[in-house]
Amino acid sequence: MKNSEAILTTPGTMKIFPSAVPEPKDDEVLIEVEYVGICGSDVHGFQFGPFIPPKDPNTKIGLGHEFGGRVVSVGSEVTDFKPGDRVCAEPGVPDGTCHYCLEGRYNICPDVDFMATQPNYKGALTHYIAHPANFVYHLPENMDTMEGALVEPASVGMHAALVGGARLGKRIVILGSGCIGLMTLQACKSLGASEIVVVDVMGQAPEDGQAARCHGDRQRQGGGHGRTLPRRSSAARAPTSSSRRPAPRSRPCRPSRSSTAAARS
Ligand SMILES: [Zn+2]
């Protein structure tokens with residue numbers, strides 16, 4: 001097997017280098033990556049470099065943390081997976097020892113080892129990746145590996161919907177219509193929210209007095225799209241002329257991911 005990986009050499013430039021096929025540790029599975037989502041944090045990292053730069057300037061910086069693929073081999077302690085299994089993975093591997101982890105809230109572990117960031121900057125834009133089996137998941141029969149790459153942002157959207165109290169009959173406003181906003185929309189619909197409006201500003205600030213455009217979705221109207229809020233809506237106030245500037249870029253933290261697109265690796 002040959003491997004290669006896309007490495008961020010300088011902000012704005014990625015190069016593909018040959019690399020060794022990782023050897024899975026005893027508790028890891030080796031996955032052949034088939035699809036990788038491009039997260040808003042990947043775009044930000046590509047444009048400006050890692051949000052937290054590596055201490056060692058020679059560290060190879062990979063990008064990509066939303067992926068689906070097939071198991072190639074497994075470590076000696078792994079019993080849940082076998083070669084050929086279609087899988088997706090959780091990109092954050094927590095320490096498993098802090099009080100957050102022990103409470104089951106490992107998603108906020110302060111020592112999480114999250115892909116494409118510190119400490120190892122391991123990116124999914126590669127052909128073969130080794131990952132702890134405890135953070136790898138089987139895909140159901142009716143889900144392909146491209147959809148598997150979207151499970152991670154979908155889970156972020158579902159978490160946001162649950163934390164936000166989305167349930168039957170609720171009226172919801174979602175701020176931001178990037179990938180995470182749209183995943184949150186789907187999650188709110190699946191939880192039974194009766195009226196959902198997604199609000200966003202366009203990449204270019206609107207003219208004075210022009211309301212920000214939004215994408216609306218009302219289930220009782222059969223899921224219409226492209227609804228625009230009335231001018232001067234308090235729910236989507238347009239920037240004033242003194243603050244004309246591009247819409248803020250998403251920052252590389254998990255709740256603000258946007259613009260995920262599945263791309264063949
Ligand atoms: Zn922890």
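The values are calculated or read from the model by the stated rules, or taken from the named source; none is laboratory data. This one's a predicted model, so the numbers in the text were calculated from it and none came from an experiment. Glycine gets a Cβ as well: all are built from the backbone with ideal geometry, and neighbour counts include every protein chain shown.
Listing for the model above:
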{"item": "Flag for Gly75 being farther than 17 Å from Ala149 by Cα and modelled with pLDDT under 95", "result": "no"}
{"item": "Filtered residue count, the range 118-149, keeping only those that are touching a residue at least 24 places away in the same chain (Cβ under 8 Å) and either touching a His at 6+ places or on another chain (Cβ under 8 Å) or charged (D, E, K, R) (or both)", "result": "5"}
{"item": "Answer residue from the range 126-139, given it is more than 17 Å from the chain's Cα centre (by Cα) and either within 16 Å of the ligand (Cβ to nearest atom) or modelled with pLDDT under 90 (or both) and is surrounded by the most Cβ atoms within 10 Å (Cβ to Cβ) among those", "result": "Pro132"}
{"item": "Selection status of Thr79, within 16 Å of the ligand (Cβ to nearest atom) and among the β-branched types (Val, Ile, Thr)", "result": "no"}
{"item": "Counted residues, the range 82-113 - those being more than 16 Å from the ligand (Cβ to nearest atom), over 22 Å from the mean Cα position of the chain (by Cα) and either closer than 28 Å to Leu8 by Cβ or loosely packed, with under 12 Cβ neighbours inside 10 Å (or both)", "result": "2"}
{"item": "Some residue of the range 114-127 being under 24 Å from Leu8 (Cβ atoms) and assigned to a strand (DSSP E or B)", "result": "yes"}
{"item": "Among (1) modelled with pLDDT under 95; (2) in contact with a Pro (Cβ under 9 Å, 6 or more places away or on another chain); (3) surrounded by 21 or more Cβ atoms within 10 Å (Cβ to Cβ), the one test that Cys214 misses", "result": "(2)"}
{"item": "Single unsatisfied condition, Gly176 versus (1) small (Gly, Ala, Ser); (2) modelled with pLDDT under 95; (3) in the same structural domain as Lys60 (by TED's automatic domain parsing)", "result": "(3)"}
{"item": "Where a residue in the range 89-100 is charged (D, E, K, R) and its partner, wherever it lies, is within 6 Å of the ligand (Cβ to nearest atom), with Cβ under 8 Å and at least six apart", "result": "Asp95/Cys101; Asp95/Cys109; Asp95/Asp111"}
{"item": "Strands (runs of 3 or more DSSP E) (entirely within the range 1-81) containing at least 3 residues that are surrounded by fewer than 17 Cβ atoms within 10 Å (Cβ to Cβ) and under 23 Å from the mean Cα position of the chain (by Cα)", "result": "3-10, 13-19"}
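Listed here are the residues, each with its yes/no results for (1) under 23 Å from Arg86 (Cα atoms); (2) modelled with pLDDT under 95; (3) within 20 Å of the chain's Cα centre (by Cα); (4) among the aromatic types (Phe, Trp, Tyr).
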residue: Tyr121; (1), (2), (3), (4): no, yes, yes, yes
residue: Ala124; (1), (2), (3), (4): yes, no, yes, no
residue: Glu141; (1), (2), (3), (4): yes, no, no, no
residue: Thr145; (1), (2), (3), (4): yes, no, yes, no
residue: Ala149; (1), (2), (3), (4): yes, no, yes, no
residue: Leu185; (1), (2), (3), (4): no, no, yes, no
residue: Asp200; (1), (2), (3), (4): no, yes, yes, no
